[in-house]
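The values are calculated or read from the model by the stated rules, or taken from the named source; none is laboratory data. It should be emphasised that the depicted structure is a prediction, and the values quoted were computed from it without experimental measurement. Virtual Cβ from ideal backbone geometry, glycine too; neighbours counted across all protein chains shown.
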Ligand SMILES: Nc1ncnc2c1ncn2[C@@H]1O[C@H](COP(=O)(O)OP(=O)(O)O)[C@@H](O)[C@H]1O
Ligand SMILES: [Mg+2]
């Protein structure tokens, strides 16, 4: 089994004339936590959307868990073991919290009525409560539909999903941007739990303190291209900002700059 859980080669996405992502060569090891940083519009979310099949790439390869993959959509990526918290939340508005949590992976049980498996709502509600306790989010009525919730509550439902199901890879795109101090701390605890469990993570964040606290490595995107790959011990906030703003580029990425 390879040490590498995810690799992208020359991953590229153009929207007409907009080169949102250009030639991204990226590697993530099993158990490794990597932050992606970069200015608004640098291509971070575009990168996530190509990996998870939300959009179809212009060119390039994605190798996940040892195999080339080409996901037709985010559910297919999730079934393959990639749990993603998207920046714009992909929650089903009309469904309640348990339904959203278990979308695509409903718990079923046999009952005495016949040979068919039934949805086990009780088990799903219980696991929902457990998951929400982990995120520390207070949602008065988990049976209420998602559309009546605040951005922070919705974000927490999505993050609770990542904490509930073991996945081969978790991707979080600015998970705490809309959250308060307490909810942010809970999300950071979930990230630490994933690290202890040996589960790899890609974390997109603008929060330098958070990134420095949580990850092993920082990859910087600028104008659609990767411009730096920094081990946390070998960098600091000021250095990272220099790469984000374009004051610095690592020699191996200079051609791209
Ligand atoms: N669907 C789209 N159509 C056209 N341009 C897009 C689309 N999505 C993103 N872009 C453009 O691609 C670039 C990268 O965007 P994005 O990946 O959202 O950046 P980031 O997540 O780093 O802020 C931006 O210039 C953005 O305007
Ligand atoms: Mg984004």
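Within the range 23-37, the set of residues being crowded, with 21+ Cβ neighbours inside 10 Å and within 16 Å of ligand 1 (Cβ to nearest atom) comprises 24, 34, 35, 36, 37.
When 40, 25 are checked against the criterion of being at negative phi and at pLDDT below 95, 40 stands alone in meeting it.
Condition (residue is more than 16 Å from ligand 2 (Cβ to nearest atom), under 26 Å from residue 195 (Cβ atoms), in a strand (DSSP E or B) and at pLDDT below 90) applied to the range 104-116: is it met by at least one residue? Checked the range 104-116: no residue is more than 16 Å from ligand 2 (Cβ to nearest atom), under 26 Å from residue 195 (Cβ atoms), in a strand (DSSP E or B) and at pLDDT below 90.
Being within 16 Å of ligand 1 (Cβ to nearest atom), assigned to a loop (DSSP other than H, G, I, E, B) and in contact with a helix residue (DSSP H, G or I) (Cβ under 6 Å, 6 or more places away or on another chain) is a property that does not hold for residue 228.
Every condition in (1) at pLDDT 90 or above; (2) more than 14 Å from the chain's Cα centre (by Cα); (3) more than 16 Å from ligand 2 (Cβ to nearest atom) holds for residue 55 except the one numbered (3). What is the one condition in (1) over 16 Å from residue 34 (Cα atoms); (2) surrounded by 15 or more Cβ atoms within 10 Å (Cβ to Cβ) that residue 232 does not satisfy? All conditions are met except number (1). From the list 78, 49, the one residue that fits, being more than 16 Å from ligand 2 (Cβ to nearest atom), modelled with pLDDT under 95 and crowded, with 20+ Cβ neighbours inside 10 Å, is 78.
Looking at residue 60, is it within 11 Å of ligand 2 (Cβ to nearest atom), more than 14 Å from the chain's Cα centre (by Cα) and modelled with pLDDT of 95 or more?
Against the criterion (within 11 Å of ligand 2 (Cβ to nearest atom), more than 14 Å from the chain's Cα centre (by Cα) and modelled with pLDDT of 95 or more), residue 60 does not qualify.
Residues in the range 177-207 that are within 16 Å of ligand 1 (Cβ to nearest atom) and at pLDDT 85 or above: 202, 203, 204, 205, 206, 207.
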